[in-house]
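A.B. asks: Here you go, one structure.
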Amino acid sequence: MIGQKIGLKYLLAKAIALLRENPFAGGDFFDGDLLVTIARLPAEDLPTEQLNKEDLIRTCSIVLNSTRTELSQKDLDRVEVLLNNLQRC
């Protein structure tokens, strides 16, 4: 539903809470795809609440510094763009 931008006001906070516990939380397709789905959202749909932003920044950093191989380079690039967007806001 996040990928379809349905209920973002409620679902993003829940998704970020899951990512706080497991940065590689899986959605429907593969480990890590929950973060990738959020990374695909337009900047205007990203969380503005400071706590959620900080948690998402921390999650992105963990994933980008990990040696795990679940995410493709393209997905890692998306996560890096997300991190940069969150740090600028």
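The values are calculated or read from the model by the stated rules, or taken from the named source; none is laboratory data. Nothing here was measured: the structure is a model prediction, and the numbers come from that model. Heads up, the Cβs are rebuilt from the backbone with ideal geometry, glycines too, and the neighbour counts pull from every protein chain shown. Ligands, DNA and RNA are stripped out before the accessible areas are found, and what is left, the full protein with its side chains, is counted by its heavy atoms. Shrake-Rupley method; radii C 1.70, N 1.55, O 1.52, S 1.80 Å.
A.B. asks: Pairs, please: C-beta under 7 Å, at least 6 apart or cross-chain, first residue over 19 Å from LEU86 (Cβ atoms) and in the range 4-28, second part of a helix (DSSP H, G or I) and among the aliphatic types (A, V, I, L, M)?
C.D. replies: GLY26/LEU34; GLY27/LEU34
A.B. asks: So which residues in the range 57-80 are assigned to a helix (DSSP H, G or I) and modelled with pLDDT under 95?
C.D. replies: The answer is none; no residue qualifies.
A.B. asks: Sort out which residues of the range 51-79 are within 18 Å of GLY3 (Cα to Cα) and open to solvent by 60 Å² or more (accessible area, probe 1.4 Å), and write them in order of number.
C.D. replies: Hits for the range 51-79 are LYS74, ASP77, ARG78.
A.B. asks: Which one is farthest from the chain's Cα centre (by Cα), of the residues in the range 4-24 that are in a loop (DSSP other than H, G, I, E, B) and modelled with pLDDT of 95 or more? Write out each step before concluding.
C.D. replies: Going through the range 4-24, the residues in a loop (DSSP other than H, G, I, E, B) turn out to be 4-7, 22-24.
Applying the additional criterion that residues be modelled with pLDDT of 95 or more yields 22-24.
Values: ASN22: 11, PRO23: 8, PHE24: 9 Å.
Applying the filter and picking the extreme gives ASN22.
A.B. asks: Do we have LEU83 as crowded, with 18+ Cβ neighbours inside 10 Å and modelled with pLDDT of 95 or more here?
C.D. replies: Yes.
A.B. asks: Now for a separate question. Failed condition for THR48, given (1) exposed (fewer than 14 other Cβ atoms within 10 Å of the Cβ); (2) among the polar types (S, T, N, Q); (3) under 16 Å from GLU80 (Cβ atoms), with all others met?
C.D. replies: Among (1) exposed (fewer than 14 other Cβ atoms within 10 Å of the Cβ); (2) among the polar types (S, T, N, Q); (3) under 16 Å from GLU80 (Cβ atoms), the lone unmet condition for THR48 is (3).
A.B. asks: Mind checking which residues of the range 29-42 are open to solvent by 30 Å² or more (accessible area, probe 1.4 Å) and either of a type in the set (D, E, K, R) or touching a Cys at 6+ places or on another chain (Cβ under 8 Å) (or both)?
C.D. replies: ASP31, ARG40
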